[in-house]
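See below for the structure under consideration.
Computed from the coordinates by the stated procedures, all read-outs in this text should not be read as laboratory data. The structure displayed is predicted, hence computed values, not measured ones. Cβ coordinates were reconstructed from backbone atoms using ideal geometry, including for glycine residues, and neighbour counts include every protein chain displayed.
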Amino acid sequence: MRRRFLLSSALLAPFAAPALAQQAPLPVVASFSILADLLRQIGGDRIAVRVLVGPDADAHNFQPRPSDATALRAARLVVRNGLGFEPWLDRLSGAAGGQAVVATASRDVQSRLLEGGHNHEHGGAGRRRAHGVEPSRVADPHAWQDLRNGQVYVRNIAAALRQADPGGAALYDANAKALLDRLVALDAWVRQQVATVPEARRRVVTSHDAFGYFGAAYGIDFDAPQGISTEDEPSASEVATLVRQLRAAGTSALFVENMTNPALLDRLAKEAGVRVRGRLYSDALSAADGPAATYEAMFRHNVGLLVPAMRGDG
Ligand code: ZN
């Protein structure tokens, strides 16, 4: 009896030691939904992810709430995209204080430049009004739209988790490895799909200039009509110019994006006699029950819309 008691104490001992099994999940903040998904895939139940810019929301124009500062103060790790995507985050973290490790998911990515005049930043209307002033070229932040960059993101996020929580290193490494394998396979699938479209037809028009990396990686020419702002109603002459651009582009692949206002492209499509082929996910994932709830699902959804539209199917 006594012996059995000792044995069971010994078995129980590891679980009674300072809360290893009961350890509270590591509080982590992700600046936007795509990073939150990558974090959850790599960190599993060992971390608790709070996302600042959630599904279908626009990180370019984010207005932080007081509860976001509270979450940043409590966080042990903050993961941001970088490349100028979250100018509000540095101000917010500075104001919040806190001791979190701040990691930049796009670190070591070969960044592209946005062409001057493209209205990538949704606040670009102000620049557009400064007639004749060419905006300086800025880094294009949408690096996650190339799955090879996504693999860089995964490695950076796994490294940041190991640094913030060395005890979880084995789990983070195993999950990151599995995710990397899936992203390599997904990248090959995207190339295979695009290869079914004749080269001359690989042209797409979207509402927001978010697919530069995607286009460069997979050989598709993306146009975002100039001067579209998500904030302003365009003038009649701007609309006329855009309609001419759409007709000249001669593409049947016209898309809106999930976090922008679809009304403008709907109107353009009607006036140009082109059908909007659906909603691409660029800067935010869908809600959990939507078609792009994860980074991987976003690519499957987007490619599943883009390829038939470019081919002219349907
Ligand atoms: Zn964007």
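Computed from the Cβ-Cβ distance with R0 of 41 Å, the FRET efficiency linking Arg244 to Ala188 stands at 0.60.
Listed from fewest to most Cβ neighbours within 10 Å, the set Asp108, Asp283 follows the order Asp108, Asp283. Computed from label points 7 Å out along Cα-Cβ, the spacing between Arg148 and Glu271 is 4.0 nm. Each peptide in 206-213, 145-152 gets a packing score, the mean of other Cβ atoms within 10 Å over its residues, and the list from highest to lowest is 206-213, 145-152. Label positions at Thr196 and Asp108, each projected 7 Å from the Cα along the C-beta direction, are separated by 3.5 nm. Of the peptides 70-82, 155-167, 193-205, the order by per-residue mean of other Cβ atoms within 10 Å, starting with the highest, comes out as 70-82, 155-167, 193-205. Per q in 0.14, 0.28 1/Å, what log10 I(q)/I(0) does a Debye calculation on the alpha-carbon atoms of region 165-223 return? Rounded to two decimals, the profile gives -0.56, -1.10.
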